[in-house]
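The values are calculated or read from the model by the stated rules, or taken from the named source; none is laboratory data. Predicted, not measured: the structure shown is a model, and the values here were computed from it. Every residue, glycine among them, receives a Cβ derived from its backbone with ideal geometry; neighbour counts consider all protein chains shown.
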Amino acid sequence: MVSGTQSPVAIHFTAYGDESDPGPYPVPAGAPIEGGAASSGDRHVLIIDRDHNRSYELDAAYPNGDGSWNAACGAVFQLDSNAIPPAFSTESRALLQAMKTYGLILADNGSNWYVSGAPDERWNNDALTAELRQVRGRDFEVLRMDGLVAG
């Protein structure tokens, strides 16, 4: 947790910069890294700016000698707003309605809430990426869970 006076530092996105919230982020020197500084895991860095009610998250984060950070991606969350996200496109609404009507299978085999399907030039993949990333796990409800099925 940092105060609103924490100086922001440059973030250099190494993998998903076009899908990340732009920097700079108020990452303090010596910010804790998930798994420790020598970790080969996810290396998340989480920062909460208590004065501006913002949460910052970096993934695969590595500090640089000049105070900046390299990270695969990053996100900024507004903690002081219950504002509804902008309207989803027709494509996003169709996918979300299909999930609501027919359900979905959740498996840990990719990125967070990764939705896979066959590419189709009639769909705007950029809009889908931007809009569906606003949907969070808390937006879903478990209706039926019959146990583990393997095979």
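Looking at (1) exposed (fewer than 11 other Cβ atoms within 10 Å of the Cβ); (2) in a loop (DSSP other than H, G, I, E, B); (3) over 20 Å from the mean Cα position of the chain (by Cα), which is the one condition that is false for Pro22?
(3)
Suppose we filter Gly35, Gly30 for residues that are surrounded by fewer than 13 Cβ atoms within 10 Å (Cβ to Cβ), touching an Asp or Glu at 6+ places or on another chain (Cβ under 8 Å), more than 21 Å from Arg136 (Cα to Cα) and not charged (D, E, K, R); which single one remains?
Result: Gly35 is the single residue among Gly35, Gly30 that is surrounded by fewer than 13 Cβ atoms within 10 Å (Cβ to Cβ), touching an Asp or Glu at 6+ places or on another chain (Cβ under 8 Å), more than 21 Å from Arg136 (Cα to Cα) and not charged (D, E, K, R).
If Leu79 satisfies every condition in (1) at pLDDT 95 or above; (2) closer than 20 Å to Val135 by Cα; (3) not β-branched (Val, Ile, Thr) but one, which is the exception?
Result: Leu79 fails condition (1) only.
Look at segment 38-68 and say how many of its residues are among the hydrophobic types (A, V, I, L, M, F, W, C), under 21 Å from Gly4 (Cα atoms) and buried (at least 19 other Cβ atoms within 10 Å of the Cβ).
3
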